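All remarks here apply to the structure that follows.
What follows is calculated from the coordinates using simple rules that are stated; it is not laboratory data. Note that the coordinates shown come from a computational prediction; the quantities given were computed from them, not determined experimentally. All Cβ positions, even for glycine, are placed from backbone atoms using ideal geometry, and neighbour counts span all protein chains on display.
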Amino acid sequence: MLEIGTFSAATAGGSWPDGWKSLTFPKIPQHTTYSLVKDGEQIVVKAASLASSSGLTREVQVDPKGFPVIQWRWKVSNILKAGDVAKKAGDDYPARIYVTFQYDSAKVGLFGKAKYEAAKLIYGRYPPLGAINYIWESRTPVGTVAPNPFTDQVQMIVVESGSTKLNTWLTEERNVYEDYQRAFGEEPPMISGVAIMTDTDNTGEAAEAYYGDIVFKGNAD
C-alpha cells in the first residue's frame, strides 16, 4: 500500500502533509479554501468554495500496474444545481479526485509533441499526458465516462451522483489501471500526481466537501 494523503496524521489547523501544495489556475482569481479540521475523531480536509476554483495536489510516481487501485474517503454537503458534466458552464463539482499521468512522447503525434515541448519551455516541465477525474455529479448516472468539456485529455468518471448520500462519509475504490484503459483506449503511463478539488467557478454556486486519507493499493493488498 502506498500512502498518498495521510491527512488523518496531521493536526487540525496545521500544515499540510509532506508533498501537498496548492493548485491554482492563472485565469481564476477566486480560490477555494482548504483547511485541516477535526470531524468526529478524524482529521480531514475541509473544502469551501464560493464561485471559486483551486485544489490541493501532490506529485507522485506510481506504477498503475503494480498499484492499480486508488482508495479515498469523502463527504459532500451539497450538490450543484447547474452542475453538468457535458457542458463548460456546468464543469463544477462539490468534490473530485484528480489522477494525472506522466507525459510519454511515444503516445503523442508530431503536433502533440510540439505542444508538449512548448509547454515545457514555458513551465519548465512537461504537463501530464492525461488525467482521470473521479467526480461527484449532480444528476449524471454513476459509472458514466465522459470527456471533460474543455479538453479530451481529461476524462471524467462519475463515482457518486445526486443528493441521497449527502453528509455521509463514503469510502471509494477505483481501479485506475482499468479506468484509464476504458477512458483512453490504451495502456496507462506512470501516474504522476493526485489532487483533490472542490470548484464552483463556472456555475457561480457554493459547495462544501470533506476529504479523508488517500492510498494506492497493490495487487497483494
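Only one of (i) 12.8; (ii) 16.2; (iii) 12.0 was calculated from the structure for mean projected area of the Cα convex hull in nm², and its label is (iii). So which of LYS81/LYS165; LYS65/LYS217; LYS27/LYS75; LYS38/LYS81 end up more than 18 Å apart, counting from Cα to Cα? Table pairs above 18 Å Cα-Cα are LYS27/LYS75; LYS38/LYS81. When each of the peptides 90-102, 9-21 is scored by the mean number of other C-beta atoms lying within 10 Å of its residues, the order from highest to lowest reads 90-102, 9-21. Projecting the Cα atoms of VAL176, LEU166, TYR34 onto the dipole axis of the chain, where Lys and Arg carry +1 and Asp and Glu carry -1 at the beta carbon, places TYR34 farthest toward the positive end.
Stretched out straight at 0.36 nm per residue, the stretch from ASP63 to PHE25 would grow longer than its current Cα-Cα span by 10.9 nm.
Relative contact order of the chain, taken over Cα pairs closer than 8 Å and 6 or more residues apart, is 36 percent.
Taking a point 7 Å from the Cα of ALA89 along the Cα-to-Cβ direction, the residues of the stretch 172-213 with backbone N closer than 11 Å to it are 203.
For n ≥ 4 DSSP H runs only, could you compute -39500 (n - 2.57) per run for the chain, divide by its residues and tell me the 222 nm figure to the nearest 500? Roughly -3000 deg cm²/dmol at 222 nm, from the helical runs in the chain.
Each DSSP beta bridge with both residues in the chain is either parallel or antiparallel, and the antiparallel ones are about 90%.
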